[in-house]
Amino acid sequence: VENINTNDIKMLDICVNTIVRNGEDTIGFCLDSVLSQVKRAIVTIDDRCSDRTPEILDQLARKYRNLEIDYFEIKNPKTDLIRMRNAQLKRTNEKYVWIVDSDEYYPLLDIELKKNVYAFQCWAVWNRTHTHKSSSKAIIPRIFRNKNIRWTGTFGKEKLTDKKPILLPIRYVHFTHLKEDNWRKEMNQNRVADGKFLSPLPEDIKVIVNNFYEAREKM
């Protein structure tokens, strides 16, 4: 595995917070897109994980020096997943925290952070060529100034701040309709979507999506 010395890269003063369970098909692709951009990433594994996620993360930790991995015991998913997120925040001392789900892919963030909250829209990938329209319209807060913030609510309805976000002109790629973890399913919060309302992906996003499919097929 090629070792990447992140000390040689000009990185944003950000700590990525990611939680994962059975994310073997997306986690490597996700973290490769962000780890070279930030000072640090904390990835916490749901201790009920039963696939190759820990092995993949161990390989990434040998590649990136700024990746930290730990486990969290889950007994009551609705409350413990919020506790897991807050445990990550307690360990985060960078100026900003960036919430990255394990099924997301981000382009280079060529931005200067000055405000409290930043949001993105996504390309909610449906297949190799199309995105799900309604899922792609949502404005999702993702980057927060790390000052007096704490997760509240229950998983699927959690909230970090009430401050109005600044929408960034950068869309991330979200593989939510393709992923195989079942957090939402076990809590009856599945996002139901069908293939009736699709729109074509831009050509540059199709390249990213095809790279994802090819990487997954090689697993």
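Rule-based calculations on the coordinates, nothing more; no lab input. Please read all numbers here as calculations on a predicted model, not as lab measurements. Cβ sites come from the backbone with ideal geometry, for glycine too, and all protein chains shown count toward neighbours.
List of remarks:
- In region 12-127, the ratio of gyration radius to Kirkwood radius, Rg to Rh, stands at 0.95 when only Cα atoms are counted.
- The charge dipole of region 59-98, taken about its Cα centre with unit charges on the Cβ atoms of Lys, Arg (+1), Asp and Glu (-1) only, comes to about 80 debye.
- Cα Rg over Rh - region 101-162, Kirkwood: 1.00
- Ordering 81, 126, 28 by Cα displacement along the dipole of region 1-157 toward the positive end leaves 81 in first place; charges were set at the Cβ atoms of Lys, Arg (+1) and Asp, Glu (-1).
- Based on Cα atoms of region 36-77, Rg over Rh with Rh as the Kirkwood radius reads 1.02.
- P(r), alpha carbons of the chain - 5 Å bins starting at zero, rounded %: 1, 7, 14, 19, 22, 19, 13, 5, 1, 0
- Length-normalised contact order of region 64-165 in % [C-alpha pairs under 8 Å, at least 6 apart]: 32 percent
- Here the Karplus relation 6.51 cos²θ - 1.76 cosθ + 1.60, evaluated at θ = phi - 60°, turns the backbone of region 29-35 into coupling constants of 4, 4, 5, 4, 7, 10, 5 Hz, with x for every Gly and Pro.
- Remark: region 126-142, residue by residue, has Karplus-estimated 3J(HN,Hα) of 9, 7, 5, 10, 9, 10, 7, 4, 5, 5, 7, 8, 5, 9, 10, x, 9 Hz, where x stands for each Gly or Pro and the curve is 6.51 cos²θ - 1.76 cosθ + 1.60 at θ = phi - 60°.
- Sorted into 5 angstrom bins from 0, the C-alpha pair distances of region 78-132 split as 4, 11, 19, 20, 19, 14, 9, 4, 0 percent.
- For residue 51, the residues whose amide H sits under 5 Å from its own are 22, ignoring neighbours fewer than 5 places away on the same chain, with H placed 1.01 Å from N.
- Surface/4 estimate of mean projected area, convex hull on alpha-carbon atoms of region 15-55, nm²: 2.7 nm²
- Around the amide H of residue 170, modelled in the peptide plane, lie the amide H atoms of 121, all under 5 Å away and 5 or more residues distant in sequence or on another chain.
- 12 Å beta-carbon shell around residue 208, net charge (K/R +1, D/E -1): -2
- Magnitude of the charge dipole for region 5-71, about its Cα centre and with charges confined to Cβ atoms of Lys, Arg (+1) and Asp, Glu (-1), is about 260 debye.
- The chain, dipole about Cα centre (Lys/Arg Cβ +1, Asp/Glu Cβ -1), debye to the nearest 20: 1100 debye
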